[in-house]
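To start, the structure under review is shown below, and the notes come after it.
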């Protein structure tokens, strides 16, 4: 039997403990040095008249920044002796902007900015320049909730996900108070996450409701891609065996067949047309056109933002013909002229604007009531659609 001296064992344990402690301190020092280095990087930094971006990359050869207010033009950054790259620009007008860095040819996010948004497959950092209408995009002192809800869609036999915004005044134990509902649809390439993140729906509703400018309402943001169970970020493969639809705009009968009944069974909402609105951007604007004008008994308000259906000769290359698509739309206006609000809008640099204006003029000519037209600086982009949403919800359920 081998004999081990107890004292030697104790000393060995002490030596091992000391070694582990020193290794831990070294690792901790390295981590702290890294944290301290990152802590020195403030990006983006806003001053009264400028915005500064910084990126720590001591060994990089070239770093640039691309921001949405510049049309994503690449601007080279300058490296300082501390290894931090910097670029400063005049402060743009109030708005929510997005940006990315490019490091030696690779697009990367800003590790100093935890505000990250996704537009389809693209990830970007966001920066809010406060002031004016953009203050509606800031977090509210009285925030509502955003629920991610799964429901069964019988149309294609799928379990699908949607988002539901509920206002701060909503008490889930109170089933007597009934709320109106806005069904809000995303554009092509988007999903149920788009309006909540890039669209700032929760912040816009929170702030406008708190200011008394919008009625307390629920906002339902579903996935308008018929073959998707949910946003593809969840890694769920799309369903291939779905029904065939007339077009990429006339493809969302599931909203009335599945979603409206589910919402009205699950939440304390108003169950008549006066308590329902539908709106959407781009593809979602085309979907909203079909949903609203085919279901005038279900909806009393419709918002169409920058629709390709109406504004860009999207169906078969032919100009938009509302009468052919919805028989009676122009020849029997009394059949459809029941909306409280028909809100139409487009960006001034969007090539869909002429078609949208023509549709508005045609509705006016046929005596449609409640028609509202607005246009905003910008193209086919979120800064236009956020303002559309903020304006539209102030008109609803009055």
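The values are calculated or read from the model by the stated rules, or taken from the named source; none is laboratory data. Keep in mind that this is a model prediction, so the values were computed, not measured. Quick reminder, even Gly has a Cβ in these numbers, built from the backbone with ideal geometry, and neighbours come from all protein chains shown.
Residues that are surrounded by fewer than 22 Cβ atoms within 10 Å (Cβ to Cβ), out of contact with any helix residue (DSSP H, G or I) (no Cβ under 6 Å at 6 or more places or on another chain), in contact (Cβ under 8 Å) with a residue 24 or more places away in the chain and assigned to a helix (DSSP H, G or I): does region 197-207 have at least one? So far as region 197-207 goes, yes, one or more of its residues are surrounded by fewer than 22 Cβ atoms within 10 Å (Cβ to Cβ), out of contact with any helix residue (DSSP H, G or I) (no Cβ under 6 Å at 6 or more places or on another chain), in contact (Cβ under 8 Å) with a residue 24 or more places away in the chain and assigned to a helix (DSSP H, G or I).
Considered as a group, the residues in region 121-135 that are under 28 Å from residue 225 (Cβ atoms) and touching a helix residue (DSSP H, G or I) at 6+ places or on another chain (Cβ under 9 Å) include one that is surrounded by the fewest Cβ atoms within 10 Å (Cβ to Cβ), and that residue is 121.
Let me confirm something: among 109, 96, 91, which residue is surrounded by 20 or more Cβ atoms within 10 Å (Cβ to Cβ), outside the structural domain of residue 377 (by TED's automatic domain parsing) and either more than 14 Å from the chain's Cα centre (by Cα) or farther than 30 Å from residue 257 by Cα (or both)? Matching residue, one of 109, 96, 91: 96.
When 320, 299 are checked against the criterion of being under 24 Å from the mean Cα position of the chain (by Cα) and part of a loop (DSSP other than H, G, I, E, B), a single residue qualifies: 299. Against the list (1) under 20 Å from residue 195 (Cβ atoms); (2) without any contact (Cβ under 8 Å) to a residue 40 or more places away in the chain; (3) buried (at least 18 other Cβ atoms within 10 Å of the Cβ), the condition residue 368 fails is (1). For region 122-144, which positions are free of Cβ contacts under 8 Å to residues at least 40 places away in the same chain and farther than 19 Å from residue 51 by Cβ? Selection gives 122, 123. Here residue 359 meets each of (1) free of Cβ contacts under 8 Å to residues at least 60 places away in the same chain; (2) assigned to a helix (DSSP H, G or I); (3) under 21 Å from the mean Cα position of the chain (by Cα) with one exception, condition (3).
If the condition is being touching a helix residue (DSSP H, G or I) at 6+ places or on another chain (Cβ under 7 Å), surrounded by fewer than 17 Cβ atoms within 10 Å (Cβ to Cβ) and either outside any loop (DSSP other than H, G, I, E, B) or not assigned by TED's automatic domain parsing to the domain that holds residue 389 (or both), then region 140-170 contributes only 146.
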